[in-house]
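One structure is given here, and the rest of the page talks about it.
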Amino acid sequence: MATILIKNATIITVNPDKNILYNTDILIEDNKISKISANITDVADKIIDAKHKIILPGFVQTHVHLCQTLFRGLAENRELLYWLREKIWPFEAAHNEDSTYYSALLGIGEMVSGGTTTILDMGGVNHADKIFEAIAKSGIRAFAGKAMMDNGIGVPKEILETTENSINDSMAL
């Protein structure tokens, strides 16, 4: 496995003292940080000069519906129930396995490119296995589940399910 040495970085920590480390190096071995200190002299396969760059911990997205990535911008500035009944639920009902998978993969790609390393996906009713597949392929750290919708006014029949079926589907994941 390649080693990477990042030199001269400004590192924002999340330790109890909230230290900021200036002109600090990071050695990464086997995809894990093995050293953080000034002037690391270890030989590395790749050296990155991070002078005038900031390194900070990965972001955590604590509420996302990856199945809704493709719907972004299609129902902005609406009251919640209108947004759900007239836009989001019908869009989710129209999802197939492929559109769900690619919606999740796109959402993950966007988050990773912005520094997110961990997500909590609230899921959708249908094709949750495709969301899990996209998460696994991406390698992002994730906590995920399946949404349950067993009743509701204005809910398309394609995303209604019995409580028993929802629980069984969740357990199968």
For a quick check of your reading of the model, give me the residue pairs whose first member lies in the stretch 79-100 and is in a helix (DSSP H, G or I), whose second is of a type in the set (Phe, Trp, Tyr), with beta-carbon atoms closer than 9 Å and at least 6 apart or on different chains.
Lys87/Phe71; Ile88/Phe71; Phe91/Phe71; Glu92/Phe71
All but one of (1) under 30 Å from Ile55 (Cα atoms); (2) surrounded by fewer than 17 Cβ atoms within 10 Å (Cβ to Cβ) hold for Ser103, so report the exception by its number.
(2)
On the given criteria, is Ile167 outside any helix (DSSP H, G or I) and not small (Gly, Ala, Ser)?
no
Kindly indicate whether Leu80 is within 30 Å of Pro156 (Cβ to Cβ), among the aliphatic types (A, V, I, L, M), at pLDDT below 95 and surrounded by fewer than 12 Cβ atoms within 10 Å (Cβ to Cβ).
yes
What pairs can you find where one residue is in the stretch 139-153 and part of a loop (DSSP other than H, G, I, E, B), the other is of a type in the set (Lys, Arg), and their Cβ atoms are less than 9 Å apart, with a gap of 6+ or different chains?
Gly152/Arg85; Ile153/Arg85
In this structure, is Phe132 aromatic (Phe, Trp, Tyr) and within 30 Å of Ile55 (Cα to Cα)?
yes
Does Arg85 satisfy the criteria of being touching a strand residue (DSSP E or B) at 6+ places or on another chain (Cβ under 9 Å) and either assigned by TED's automatic domain parsing to the domain that holds Asn15 or basic (Lys, Arg) (or both)?
no
Collect the residues in the stretch 113-128 that are among the β-branched types (Val, Ile, Thr) and either farther than 20 Å from Ile55 by Cα or in a loop (DSSP other than H, G, I, E, B) (or both), keeping them in residue-number order.
Val125
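The values are calculated or read from the model by the stated rules, or taken from the named source; none is laboratory data. Only a predicted model underlies this, so the values are computations on that prediction, with no experimental measurement involved. With ideal geometry, Cβ positions are generated from the backbone for all residues, glycine too; neighbour counts draw on all protein chains shown.
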